[in-house]
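The values are calculated or read from the model by the stated rules, or taken from the named source; none is laboratory data. For clarity, every value in this text was computed on a predicted model and none was experimentally measured. Because the Cβ atoms are built from the backbone with ideal geometry, glycine has one as well, and the counts that use them run over all protein chains shown. Side chains included, ligands, DNA and RNA excluded: accessible areas come from the protein's heavy atoms. Shrake-Rupley method; radii C 1.70, N 1.55, O 1.52, S 1.80 Å.
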Amino acid sequence: MWSQKVAQRAIIIAGCLAMVYTQLTMSPATIQFARSLGATGWHIGLLGALPTLMLFMQFVAAILANHLHYRRWTWFSFSILQRLMLIPIAAGPWFFLSFSDQTWLWCLIALTAMNHALIHFTTPLWLSWMGDYLPHTGLNRYWGIRQLWMYWSGALSLLGGAFFLSESGLDIRQGFAILVCIGGLFGIIDILIFLKVDEPPVTKMKEPKLKEVLLIPFKNKRYRSFIFFTCFWHFAAMVGSPFISFYLLDYIGMDVFLLLLLWTCSWVGGAIFSKRLGHMAEHFGNRPTLILCTAFKSTNMLGLLLLPQDPIVAFWIMVPIFIFDSLLNAGIAIANNGFMLKNSPAENRTMFIAAGTAVAGMVGGLTSILTGAFLAITSGWSIALGEIEINHFHIIFAISLVLRLAAAVFARTIREPESHWTVQIVVQLVGVTPLRILRFPVGLYRSFRSDEDTLLSRKKCRTRKKRWDSEKEK
């Protein structure tokens, strides 16, 4: 087995490979592939719901974990199967030409459901493994560094996918099949890396009863406040987010190349600021990080509402909005993982992680399905107010915008007594004057450089002190 220092680097590399797998197999190209098979808004809503709707599998994994001594081989076996799950739907239309498009569309939906079921079954096993293995001191900083490299990997893989689909001359069905096969290869390598990462044994509950195992996370007041927030947040986000790519393809008229290029740009914000956000969450706490990032998450909905029906103009308007939104997503992901791992006990950790994500995910999944049904029912509906046209997409984006603003207020109910006030983060990031507030997120970078300089000066001081002490001893 690797030493912990080597293993931590390997975990970062594995995360990068996993991101390549994710972006090549579950990118916006999937939406275009589904559209080529005749998908409507309801089908898109169903596909968007599956990643969260299948989160109930995390509870299955949490129950199983209390009966395992080690998680490695269970996680390993199901993860390999999951990485291969989408290859049949990618290759199938090439070899079975007699099957109808509707058949392949429902095969895509079924295999996507199974794929996400396996993802969510393995996720709490892996996270609880990491929670037991990684040191909790500096955990958010480490997670931020890992996110940084993962975001760059996501950007580069999407960029490569965009140019491949644009320049290869293949149609979306053939191009999508090749991307899925390449992604599956990277995903398998990601899993194999963990064969050399040590695993502490599972800390089991004594004589666990199923009801007790399920309810313990909800009896913890601090953790329960986090569960309630994530439920509301998923409800607010999933009204709009699953339909962004569909809207840009169907209504704005972007092609797949521009759409993938836009999502490539979106990863840049998270890549640049993830390390800084990890430092911020470690120093100030997860609660204020969630409040601050959630407060600005309505920006992308506002941008979508104001977009002109011109693909090129819309692309350049959305680039900075997507970059900023990616920054916020990185902060939310780091704070969520930090809160769950630091506030879940070693005993029954897997169930705490499942409770922190699965309940909210199921709420979000149902929201996406209902919203997709609304889009299908109101297909073709629009109303003109002067020169402004309002359609069914605008309605769901407006509702999501309002709900996201409410979620920022809801985030204040999270219980984390040791965290700082949110205003302290704002002061740290941009200073106290109104003029400096306008510099956000530029202030984030300035603060990052300031903190790096501070850490460097501290290291120099410690080095000088060691030299002085050794000279005194001589």
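Restricting to region 31-42, and then to whatever is open to solvent by 20 Å² or more (accessible area, probe 1.4 Å) and part of a helix (DSSP H, G or I), can you tell me which residue is nearest to HIS392 (Cα to Cα)? Let's see the steps before the verdict.
Going residue by residue through region 31-42, those that are open to solvent by 20 Å² or more (accessible area, probe 1.4 Å) are 31-32, 35-36, 38, 40, 42.
Now narrow it down to the ones that are part of a helix (DSSP H, G or I): 31-32, 35-36, 42.
On the way: ILE31: 19, GLN32: 20, ARG35: 18, SER36: 22, TRP42: 13 Å.
Within region 31-42, the match that is nearest to HIS392 (Cα to Cα) is TRP42.
Quick check, is TRP104 within 17 Å of ALA177 (Cβ to Cβ), assigned to a helix (DSSP H, G or I) and either aromatic (Phe, Trp, Tyr) or in contact with a helix residue (DSSP H, G or I) (Cβ under 9 Å, 6 or more places away or on another chain) (or both)?
When the stated conditions are applied, TRP104 passes them.
Does any residue of region 358-371 turn out to be farther than 30 Å from LEU277 by Cα and open to solvent by 70 Å² or more (accessible area, probe 1.4 Å)?
There is at least one residue in region 358-371 that is farther than 30 Å from LEU277 by Cα and open to solvent by 70 Å² or more (accessible area, probe 1.4 Å).
Collect the residues in region 347-357 that are open to solvent by less than 40 Å² (accessible area, probe 1.4 Å) and farther than 20 Å from PHE229 by Cα, keeping them in residue-number order.
Scanning region 347-357 gives a single hit, ASN348.
Take the residues in region 265-278 that are buried (at least 23 other Cβ atoms within 10 Å of the Cβ) and within 15 Å of MET318 (Cα to Cα), then tell me which one is modelled with the lowest pLDDT.
Here the answer is GLY269.
Considering only region 212-244, how many residues are open to solvent by 60 Å² or more (accessible area, probe 1.4 Å) and closer than 29 Å to ALA29 by Cα?
The qualifying residues number 1.
Provide a single number: the residues in region 165-184 that are closer than 19 Å to LEU81 by Cα and either modelled with pLDDT under 85 or open to solvent by 30 Å² or more (accessible area, probe 1.4 Å) (or both). Give the derivation first.
The initial filter retains those residues of region 165-184 that are closer than 19 Å to LEU81 by Cα, namely 177-184.
The next check asks that each one be either modelled with pLDDT under 85 or open to solvent by 30 Å² or more (accessible area, probe 1.4 Å) (or both); those that pass are 178, 181-182.
Looking only at that region, the number is 3.
Any residue at all in region 168-179 that is under 21 Å from the mean Cα position of the chain (by Cα) and within 30 Å of ALA91 (Cβ to Cβ)?
Within region 168-179, one or more residues are under 21 Å from the mean Cα position of the chain (by Cα) and within 30 Å of ALA91 (Cβ to Cβ).
What are the pairs, 6+ residues apart or on separate chains, where a residue within region 34-63 that is at negative phi has its Cβ under 6 Å from a residue that is open to solvent by 20 Å² or more (accessible area, probe 1.4 Å) and part of a loop (DSSP other than H, G, I, E, B)?
Every condition considered, no pair remains.
Would you be able to tell me the number of residues in region 133-150 that are at pLDDT 85 or above and either surrounded by 19 or more Cβ atoms within 10 Å (Cβ to Cβ) or not in a loop (DSSP other than H, G, I, E, B) (or both)?
Total satisfying the criteria: 6.
Given the residues TRP104, TRP126, which is the only one that is at pLDDT 85 or above and farther than 24 Å from GLY361 by Cα?
TRP104
Condition (residue is surrounded by 22 or more Cβ atoms within 10 Å (Cβ to Cβ) and farther than 28 Å from ILE227 by Cβ) applied to region 71-84: is it met by at least one residue? Can you show your working first?
Quick first cut of region 71-84, residues surrounded by 22 or more Cβ atoms within 10 Å (Cβ to Cβ) only: 71, 75, 79, 82-83.
Right, trim to farther than 28 Å from ILE227 by Cβ and you get 83.
Among the residues of region 71-84, at least one is surrounded by 22 or more Cβ atoms within 10 Å (Cβ to Cβ) and farther than 28 Å from ILE227 by Cβ, which makes the answer yes.
Mind checking which residues of region 16-26 are buried (at least 24 other Cβ atoms within 10 Å of the Cβ) and within 13 Å of the chain's Cα centre (by Cα)?
MET19, GLN23
Evaluate region 278-292: report whether one residue or more is over 18 Å from the mean Cα position of the chain (by Cα) and outside any helix (DSSP H, G or I).
Looking for residues that are over 18 Å from the mean Cα position of the chain (by Cα) and outside any helix (DSSP H, G or I), one finds at least one in region 278-292, hence yes.
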